[in-house]
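The values are calculated or read from the model by the stated rules, or taken from the named source; none is laboratory data. None of the values given here were measured: they were computed from a predicted structure. Here the Cβ is made from the backbone with ideal geometry for all residues, glycine too, and neighbour counts use every protein chain on show.
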Amino acid sequence: MKKIIVTIDGPAGSGKGRIAKYISKKWGLYHLDSGILYRRLAEVLNNKNIDLKNIDKVKKIIKKHKNLSFRKNKNLRSEKISNIASKIAVFQYVRKYINKLQNDFVIQNIDKKGFVIDGRDIGSVVFKNADLKLYIDVDVKIRAKRRYKQLIDIGEKSIYRQILKDIRLRDKLDKNRKNSPLVIPKGAYVIKNESSLLNTYNKINKLIEKIQYGK
Ligand code: C5P
């Protein structure tokens with residue numbers, strides 16, 4: 001099997017994490033969730049009560065943390081951390097730092113395994129030369145419903161209308177920021193993930209089969 005790099009970009013709640021996990025299992029690729037790194041840094045800043053507008057303090061924290069863990073935990077998915085993560089993601093120095101962590105990790109491990117990496121700028125900025133680039137698209141109201149259910153499932157109290165508002169705001173931040181805005185990467189396949197997941201998986205598997213077996 002070729003050691004390929006697959007990138008998955010898309011807005012919050014599009015299901016790209018779940019899709020990445022599936023591809024990782026199906027094709028034996030290492031799954032790297034870049035959003036976790038933004039969330040980890042958000043958690044550190046939140047725990048230390050850092051004012052996000054204080055650029056010098058944020059930079060100091062980054063300098064201190066030569067590494068961030070890719071490990072997931074429930075707290076990282078809370079609305080508070082989600083909102084801080086998208087706020088700090090607008091800063092170029094934060095993006096440079098996180099992109100380097102991802103690049104280093106891939107370079108150190110690509111001899112052993114291929115990768116599936118999901119985020120907002122993976123196919124457009126971080127791994128422009130990936131073997132396969134995907135962009136997952138889903139209507140905002142469907143995403144808000146899914147997110148609402150996710151939060152209820154992890155025991156967080158939430159109001160659908162507030163979730164919809166938060167997701168719209170996050171989309172706005174992601175799509176309109178000056179640095180690495182969320183875009184459909186050049187050469188990416190746009191996959192609508194609105195009906196059945198099975199449909200989505202089948203479409204993606206066909207694309208990977210083509211790369212792996214040339215059929
Ligand atoms: O994907 P996830 O929702 O976990 O990402 C958390 C936040 O990190 C997003 O709202 C987004 O603003 C930011 N992010 C980013 N670029 C990435 C991954 C995440 O800007 N590659």
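Before moving on, here are some points about what is shown:
- Residue count for the range 91-115, restricted to those that are more than 12 Å from the ligand (Cβ to nearest atom), surrounded by 12 or more Cβ atoms within 10 Å (Cβ to Cβ), part of a helix (DSSP H, G or I) and among the β-branched types (Val, Ile, Thr): 1
- Only listed residue being buried (at least 18 other Cβ atoms within 10 Å of the Cβ) and of a type in the set (Lys, Arg), chosen from 39, 18: 39
- Condition met for residue 29 (buried (at least 21 other Cβ atoms within 10 Å of the Cβ), more than 16 Å from the ligand (Cβ to nearest atom) and modelled with pLDDT of 95 or more): yes
- Qualifying residue in the range 14-28 (condition: over 20 Å from residue 156 (Cα atoms), in a helix (DSSP H, G or I) and without any contact (Cβ under 8 Å) to a residue 12 or more places away in the chain): yes
- In the set (1) loosely packed, with under 15 Cβ neighbours inside 10 Å; (2) modelled with pLDDT of 90 or more; (3) of a type outside the set (S, T, N, Q), the condition left unmet by residue 72 is number (2).
- Residue within the range 168-178 that is more than 21 Å from residue 34 (Cβ to Cβ) and surrounded by 13 or more Cβ atoms within 10 Å (Cβ to Cβ) present: yes
- When residue 88 is tested against (1) surrounded by fewer than 18 Cβ atoms within 10 Å (Cβ to Cβ); (2) touching a residue at least 40 places away in the same chain (Cβ under 8 Å), just one condition goes unmet, and that condition is (1).
- Residues that are surrounded by 20 or more Cβ atoms within 10 Å (Cβ to Cβ), touching a residue at least 40 places away in the same chain (Cβ under 8 Å), of a type in the set (S, T, N, Q) and farther than 17 Å from residue 87 by Cβ do occur in the range 124-137, at least one of them.
- Filter result for residue 55 (more than 10 Å from the ligand (Cβ to nearest atom) and under 21 Å from residue 185 (Cα atoms)): no
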